[in-house]
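Only one structure is covered here, and it is reproduced in the block below.
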């Protein structure tokens, strides 16, 4: 859905929150799965595997930053901030990779606006779904991962 | 950040990265399986997309009302005088009325241009997360809609069909950064290339350095062979500013598209080219100023009553 000044991507947010609660290996696998789903979308302008590559790295890094550090994983605010930064970084890398692959990316200002808008909406949406993601994560991996 | 990783973890990440690189390579080399996967997914997800569009429509309408608060204020004040039942009925009919109006306008445009069209409803707008501008419409190959067909609104060009499925199609909007169209300036033979910029404004580049453009010039589609991807004569937009860089080989200009891409409800897909090029027949007419009557009163000294004379 298109919203004022950008939009949000539920798969992207879900995958990053899930990764923030997981080990780096699970994070990379989550990124792979989420990336494949985003690549299968017809609105994805890049070749198949474009989002997958970006998401593997984004989810791995987010999981790596959160793993073993209770200051990050135990605090919902840190997870939300990590997700917002992860979304903005993933989009920036996606844009850069697209540029290297020869895709048209439009004006720089518009790209910045979309990234900022998506980060804003991610900041709004993440707290709303964090509890649900945490609940599912703990159901799958055990109670120790519950926030 | 106490994670050190192990060999299995590293191996897993290497396998995943290599897989994604392999997918990129296969897709860039045009392996058909990848296209088939995307097409299959879209076909399977079309009913879900329709359901999602229906489910989020109250939220979308609310946001639309908030962003167009100034424009709807007068309408809301007028509705306050009506009773609750009538107000409810009006709200329910509002969406249908807008779509009907859009349909009438787009059919008028298509009729004037001699285009054979298939009308379609917009069922979803593509996310801008991937820096693309797309919409999905509810007409597909079963309705005669195929790839590389021109899509119109009542105001002019909307975009081009990028992918067509059985019951839906993905339309690349003219505002998409990857969109390019050959354009002609109305009432002249000057040609140019118009590119989308991600907003309602596009960038026009003239091909001939001796040509000149000025603010207010109307752009029409030049048309392609056999009318695909573009049929000729479709109004695109109007030049709003011209940039004359001393070092530039040709002039460039900023163009505002006639179509407002964020309010699209009903569109039409041109399924066959017109028998003849409509040339400038579809250039939108400029709004005419409404004449204001002026009353002049001549007062003659000594006369009983002044004599009024009305002029326009």
* Which condition number does residue A:14 fail, the rest of (1) surrounded by 23 or more Cβ atoms within 10 Å (Cβ to Cβ); (2) more than 10 Å from chain B (Cβ to nearest Cβ) being met? -> (1)
* **Qualifying residues in segment B:125-168 (those that are within 11 Å of chain A (Cβ to nearest Cβ), over 24 Å from residue A:112 (Cα atoms) and within 15 Å of the chain's Cα centre (by Cα)) - the one surrounded by the most Cβ atoms within 10 Å (Cβ to Cβ)** => B:136
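If we scan segment A:108-129, do we find a residue that is more than 15 Å from residue A:7 (Cα to Cα), crowded, with 18+ Cβ neighbours inside 10 Å and either without any contact (Cβ under 8 Å) to a residue 60 or more places away in the chain or away from chain B (no Cβ under 11 Å) (or both)?
No: segment A:108-129 contains no residue that is more than 15 Å from residue A:7 (Cα to Cα), crowded, with 18+ Cβ neighbours inside 10 Å and either without any contact (Cβ under 8 Å) to a residue 60 or more places away in the chain or away from chain B (no Cβ under 11 Å) (or both).
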* **Top-ranked residue of segment B:212-247 - restricted to ones that are part of a strand (DSSP E or B) and touching a residue at least 60 places away in the same chain (Cβ under 8 Å), ranked as farthest from residue B:174 (Cα to Cα)** => B:218
* May I ask you to list the residues in segment B:266-284 that are outside any strand (DSSP E or B), in contact with a strand residue (DSSP E or B) (Cβ under 6 Å, 6 or more places away or on another chain) and at pLDDT 80 or above? => none
* To do: Scan segment A:91-105 for residues that are surrounded by 14 or more Cβ atoms within 10 Å (Cβ to Cβ) and facing chain B (nearest Cβ under 10 Å) and jot them down.
  => A:91, A:94, A:95, A:97, A:98, A:103, A:104, A:105
* Please verify whether segment A:33-42 includes one or more residues that are facing chain B (nearest Cβ under 8 Å) and in contact with a strand residue (DSSP E or B) (Cβ under 9 Å, 6 or more places away or on another chain). => yes
* Report whether or not residue B:132 is touching a residue at least 40 places away in the same chain (Cβ under 8 Å) and either out of contact with any helix residue (DSSP H, G or I) (no Cβ under 8 Å at 6 or more places or on another chain) or over 18 Å from residue B:41 (Cα atoms) (or both). => yes
* Restricting the search to segment A:61-90, which residues are more than 13 Å from chain B (Cβ to nearest Cβ), under 21 Å from residue A:32 (Cβ atoms) and surrounded by fewer than 18 Cβ atoms within 10 Å (Cβ to Cβ)? -> A:85
* Is it true that some residue in segment B:264-279 is within 12 Å of the chain's Cα centre (by Cα), closer than 27 Å to residue B:191 by Cβ and within 14 Å of chain A (Cβ to nearest Cβ)? -> no
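The values are calculated or read from the model by the stated rules, or taken from the named source; none is laboratory data. Keep in mind it's a predicted model, so treat the numbers as computed, not measured. Positions of Cβ are backbone-derived with ideal geometry, glycine not excepted, and every protein chain shown enters the neighbour counts.
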